[in-house]
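Report on one structure; see the data block that follows.
The values are calculated or read from the model by the stated rules, or taken from the named source; none is laboratory data. These figures come from a predicted structure and were not determined experimentally. So basically every Cβ, Gly included, is an ideal-geometry build from the backbone, and we count neighbours across all protein chains shown. Calculation scope for accessible area: heavy atoms of the full protein, side chains included, ligands and nucleic acids excluded. Shrake-Rupley method; radii C 1.70, N 1.55, O 1.52, S 1.80 Å.
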Amino acid sequence: MSTLTYAVEDSATMLRRSLRRIVRYPSMTVLLVGMPIVFLLLFVYVFGGQLGADMVTPSGNTGRAAYLDYVVPGVLLITVAAAVQGTSISVAMDMTSGIIARFRTMAISRSSVLTGHVIGSLLQTLASLIVVLVVAIALGFRPSATPIEWLAALGMLALFSVALIWLAVYLGLSAKSVETASNTPMFLTLLPFLGSGFVPTESMPAGLRQFAEYQPFTPVAETLRGLLSGTAIGTGTAVAALAWSVGIAVVSYVAAMRTYDRRRVA
């Protein structure tokens, strides 16, 4: 067999290991999925009447129904940010438990351990997104997306998820303890609140609005909102969403592999 074939088989083995760990610790998955659902219920039913008072969606919804259409993309991004915290914790558990040292003595592909983590986390994140989206639809969310727009939205979410997962892998590799790894990705769950995920950036003070408009979650949220609900998507917004996603993925991947190699020889 070729080197590539061995790498694919080793990655598949590590993926099965990652999925078994996810199944073995269901409480973590419930927590990571439950948090965005709580945010969805909280913002729609507690704040939605007030925040949606002046909103009118392209489908004609107003008030709380309009705010539900507005906030779902932000909650989907919260779901992604919450899910990747589990990635950082899992990587840190491997790095501190000694299992990586054991893997180093075996003839397995160099990158298969991290590849298994990334693909397993991506599948967990996509499953979490489906659960949250089903809850949103049960609450009355009715996206107007065509099949092509649904595919584009799924692709955008998958690309952004991969970017944040590699960032979480880097944070997990860099952490000296599992406790540190569980805390360092938490800033990701705050960024949707400091962007257009939950309220329009036009309602924010000048300094915060500038940060909100240029941070990575805002163009991704606006692109998802346009694809799912039919709001206008500027060319610059879509390009920024793709550029942020690819940029974070590439930089985080390089940083993660260098950190992994450095800790291999430490």
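Where nothing but the Cβ of Lys and Arg (+1) and of Asp and Glu (-1) is charged, how large is the charge dipole of the stretch 117-266 around its Cα centre, in debye to the nearest 20?
420
Using heavy-atom solvent-accessible surface (probe 1.4 Å) with all chains present, what is the largest-first order of LEU31, LEU171, LEU19?
So the residues, ranked largest to smallest area, are LEU31, LEU19, LEU171.
Of (1) 62, 36, 36; (2) 73, 66, 33; (3) 104, 40, 39, which is the value of Cα extents along the principal axes in Å derived from the coordinates here?
Answer by label: (1).
If you roll a 1.4 Å probe over the heavy atoms of the protein chains, what accessible area per residue do you get for the stretch 206-266, in Å²?
Heavy-atom SASA per residue in the stretch 206-266 reads 51 Å².
Need the full-extension length gain, MET106 to LEU31, defined as separation in residues times 0.36 nm minus the C-alpha distance. One decimal, nm.
23.6 nm
At 7 Å along the Cα-to-beta-carbon direction for both ASN183 and LEU19, put a label point, then send me their distance in nm to one decimal.
Reported label-point gap for ASN183 and LEU19 is 3.5 nm.
Could you calculate the FRET efficiency of ILE99 with ASP261 from 1/(1 + (r/R0)^6), where r is the beta carbon distance between them and R0 is 25 Å, rounded to 0.05?
It comes to 0.90.
Run the numbers for LEU139 and THR5: contour at 0.36 nm per residue of separation, minus the present Cα-Cα distance, in nm.
43.6 nm
How much length, in nm to one decimal, is gained on full extension between LEU208 and VAL46, taken as 0.36 nm per residue of separation minus their Cα-Cα distance?
The LEU208-VAL46 span can extend by a further 55.9 nm.
GNM on the chain, C-alpha springs below 10 Å: top fluctuator among GLN85, GLN210, GLN124?
Comparing GLN85, GLN210, GLN124 in a Gaussian network model of the chain, the most mobile one is GLN210.
Against the longest principal axis of the chain, how steep is helix 112-139, in degrees 0 to 90 to the nearest 10, with axes from Cα atoms?
Between the helix axis and the principal axis of the chain, the angle is about 20 degrees.
In a Gaussian network model over the chain where Cα atoms closer than 10 Å are linked, find which of ALA107, ALA163, ALA256 has the largest mean-square fluctuation.
It is ALA107.
Rank VAL75, VAL91, VAL46 by mean-square fluctuation in a GNM of the chain with C-alpha springs under 10 angstrom and give only the top-ranked residue.
It is VAL46.
May I ask you to give the percent of accessible area on the stretch 197-266 that is carbon plus sulfur, with a probe radius of 1.4 Å?
65
Using the C-alpha gyration tensor of the stretch 184-266, what are the square roots of 5 times its eigenvalues, in whole angstrom, with the largest one first?
30, 16, 10
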